[in-house]
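Here is the structure we will look at, set down as structure tokens.
The values are calculated or read from the model by the stated rules, or taken from the named source; none is laboratory data. Bear in mind that the values here come from a model prediction, so they are computed numbers and not experimental data. Here the Cβ positions follow ideal geometry from the backbone for every residue, glycine too, while neighbour counts run over all protein chains shown.
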């Protein structure tokens, strides 16, 4: 991570990209977006977790911490390879381009992907088959378990792994061998989906790197309960003999929720990770950095202490803080991997112990301007309190859009202080926030796409605590205008975050 160069970027998940097939994909729309970022002198594209989504279509509740989301596969690219034809794509073109209708997209796209896989099986040339075989060999350490997990979930109509027959739930060796033979075709299909998704993502990432844009990814600290990770590594989690969690993750009440957030993710049995030399974490981080250039670790504070809630609780209120071995973990990873390009999400209940852990490993933290205005001049989120080792946001995926915040959530006290702070009548609230973020001493300034477009709460990506209606917003190609990229470039240059300005200074 370049800790000396001021940079700017945009937060936009790939599912939100424009395009004709009901959901953002890894085709020309993705590389066109990179071109648009370059035109605005943006050097960071931040995305959410890229894994295969499950419950609620949330990228933070994935079926695997290693696999990628096949919904991102570009069907246009498959058509160009001769695996689909144009007529196959016409039903998807009738879906909304403004929002992802996951209930419609998932079955329609899955049918087309199965159709494309059949053509691949029948017609692929030897070079394509060899490339697929090499992919399977390279990623066998997670791909075999994941592909079998997905095949079993399909066979058992979506049931969670703890509801499967006991011998499969408990991964009996003979039962796994038998079912691997019986479901061989389905296992191969899910392996091929990973091959196509990851190959297409690598092409997008390579294009971004070639054009000076880094990908800032996102790594949730926890895995989903109904995931290949939990099923294949039960010894690493707090489970009972039937595979049920005894305690789950959450956070206490904070500015996101009055009752806290009961995430329900299984909690790590840290002594088991320590006994394995943290090898699972090493594999996870290495796999992540094969996909992105930098990574934001979501809920970083959980590496200092986790909010542990008994599994039978209905809210997160009755939890307790339980210490985690963050120093030992990151010390081990740094010794094996070198300095990691990590941004620590340090929002919520943050103590001196959490900040000391972050600083020990030189991980930049986060500052969110929406949180700055209700508690006076010592508020850490106010621009004059930003440190250089910070990444500045107007808001995150869990926030309302800045316009939505301004119209629906900002307090009278906060707005009065905001007006005092800027020293003039408030103009467009997004313009005020972007200028403050860009002028900040923080290392990076990253603006959600919705705030550049000045959209209201209808474009909000996620409302914590709401199980449905999230993750669906999409940008329209017409909104990625030359006028907007010109404005971005002007601001990026003005506040010393543009490559062109930095090159001129070096030459002077």
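Give the residue, chosen from 249, 272, 344, 324, that is in contact with a helix residue (DSSP H, G or I) (Cβ under 7 Å, 6 or more places away or on another chain) and closer than 30 Å to residue 14 by Cβ. Let's see the steps before the verdict.
Working: 249 fails: in contact with a helix residue (DSSP H, G or I) (Cβ under 7 Å, 6 or more places away or on another chain); 272 fails: closer than 30 Å to residue 14 by Cβ; 324 fails: closer than 30 Å to residue 14 by Cβ.
So the residue among 249, 272, 344, 324 that is in contact with a helix residue (DSSP H, G or I) (Cβ under 7 Å, 6 or more places away or on another chain) and closer than 30 Å to residue 14 by Cβ is 344.
This table checks each residue for (1) at pLDDT 95 or above; (2) over 20 Å from residue 354 (Cβ atoms).
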{"position": "252", "(1), (2)": "no, no"}
{"position": "263", "(1), (2)": "no, no"}
{"position": "266", "(1), (2)": "yes, yes"}
{"position": "291", "(1), (2)": "yes, yes"}
{"position": "298", "(1), (2)": "yes, no"}
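Looking only at residues in region 86-104 that are in contact with a helix residue (DSSP H, G or I) (Cβ under 7 Å, 6 or more places away or on another chain) and part of a helix (DSSP H, G or I), which one is farthest from residue 154 (Cα to Cα)?
Of all residues in region 86-104, those in contact with a helix residue (DSSP H, G or I) (Cβ under 7 Å, 6 or more places away or on another chain) come to 86, 88-89, 91-92, 95, 100, 102.
Now restrict to residues that are part of a helix (DSSP H, G or I): 86, 88-89, 91-92, 102.
Numbers: 86: 28, 88: 23, 89: 24, 91: 24, 92: 23, 102: 18 Å.
The qualifying residue farthest from residue 154 (Cα to Cα) is 86.
Please go through region 356-372 and give me each residue that is assigned to a loop (DSSP other than H, G, I, E, B), closer than 24 Å to residue 398 by Cα and in contact with a strand residue (DSSP E or B) (Cβ under 9 Å, 6 or more places away or on another chain), ordered by number.
Restricting attention to region 356-372, the residues satisfying the condition of being assigned to a loop (DSSP other than H, G, I, E, B) are 361-364, 372.
Applying the additional criterion that residues be closer than 24 Å to residue 398 by Cα yields 363-364, 372.
Listed by number, the residues that qualify are 363, 364.
Going by the structure shown, is residue 296 without any contact (Cβ under 8 Å) to a residue 60 or more places away in the chain and surrounded by 20 or more Cβ atoms within 10 Å (Cβ to Cβ)? Can you show your working first?
Values: without any contact (Cβ under 8 Å) to a residue 60 or more places away in the chain: no; surrounded by 20 or more Cβ atoms within 10 Å (Cβ to Cβ): yes.
Considered against the rule, which asks whether it is without any contact (Cβ under 8 Å) to a residue 60 or more places away in the chain and surrounded by 20 or more Cβ atoms within 10 Å (Cβ to Cβ), residue 296 comes out as no.
Criterion first (under 30 Å from residue 232 (Cα atoms) and modelled with pLDDT of 95 or more) does residue 85 satisfy it? Break it down stepwise before answering.
Details: under 30 Å from residue 232 (Cα atoms): no; modelled with pLDDT of 95 or more: yes.
The answer is no for residue 85.
Can you tell me which residue among 130, 116 is touching a helix residue (DSSP H, G or I) at 6+ places or on another chain (Cβ under 9 Å), in a helix (DSSP H, G or I) and farther than 25 Å from residue 65 by Cα? Working first, answer last.
Working: 130 fails: touching a helix residue (DSSP H, G or I) at 6+ places or on another chain (Cβ under 9 Å).
After applying the criteria, what remains is 116.
Go through region 133-170 and give me each residue that's exposed (fewer than 15 other Cβ atoms within 10 Å of the Cβ) and outside any helix (DSSP H, G or I).
156, 157, 158, 159, 165
Can you tell me which residue among 117, 102 is surrounded by 13 or more Cβ atoms within 10 Å (Cβ to Cβ), in contact with a strand residue (DSSP E or B) (Cβ under 9 Å, 6 or more places away or on another chain) and at negative phi?
After applying the criteria, what remains is 102.
This table checks each residue for (1) out of contact with any helix residue (DSSP H, G or I) (no Cβ under 9 Å at 6 or more places or on another chain); (2) closer than 30 Å to residue 19 by Cα; (3) assigned to a loop (DSSP other than H, G, I, E, B).
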{"residue": "419", "(1), (2), (3)": "yes, no, no"}
{"residue": "475", "(1), (2), (3)": "no, yes, yes"}
{"residue": "483", "(1), (2), (3)": "yes, yes, no"}
{"residue": "486", "(1), (2), (3)": "no, yes, no"}
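All but one of (1) out of contact with any helix residue (DSSP H, G or I) (no Cβ under 7 Å at 6 or more places or on another chain); (2) under 27 Å from residue 449 (Cβ atoms); (3) touching a residue at least 24 places away in the same chain (Cβ under 8 Å); (4) in a helix (DSSP H, G or I) hold for residue 408; which doesn't?
Among (1) out of contact with any helix residue (DSSP H, G or I) (no Cβ under 7 Å at 6 or more places or on another chain); (2) under 27 Å from residue 449 (Cβ atoms); (3) touching a residue at least 24 places away in the same chain (Cβ under 8 Å); (4) in a helix (DSSP H, G or I), the lone unmet condition for residue 408 is (1).
In region 43-79, how many residues are farther than 14 Å from residue 117 by Cα and part of a helix (DSSP H, G or I)?
Count: 6.
So is residue 491 assigned to a helix (DSSP H, G or I), surrounded by fewer than 23 Cβ atoms within 10 Å (Cβ to Cβ), touching a residue at least 24 places away in the same chain (Cβ under 8 Å) and in contact with a strand residue (DSSP E or B) (Cβ under 9 Å, 6 or more places away or on another chain) or not?
Working: assigned to a helix (DSSP H, G or I): yes; surrounded by fewer than 23 Cβ atoms within 10 Å (Cβ to Cβ): yes; touching a residue at least 24 places away in the same chain (Cβ under 8 Å): yes; in contact with a strand residue (DSSP E or B) (Cβ under 9 Å, 6 or more places away or on another chain): yes.
Spelling it out, residue 491 is indeed assigned to a helix (DSSP H, G or I), surrounded by fewer than 23 Cβ atoms within 10 Å (Cβ to Cβ), touching a residue at least 24 places away in the same chain (Cβ under 8 Å) and in contact with a strand residue (DSSP E or B) (Cβ under 9 Å, 6 or more places away or on another chain).
Taking into account only those residues within region 424-449 that are part of a helix (DSSP H, G or I) and touching a strand residue (DSSP E or B) at 6+ places or on another chain (Cβ under 7 Å), which is surrounded by the most Cβ atoms within 10 Å (Cβ to Cβ)?
My answer is 437.
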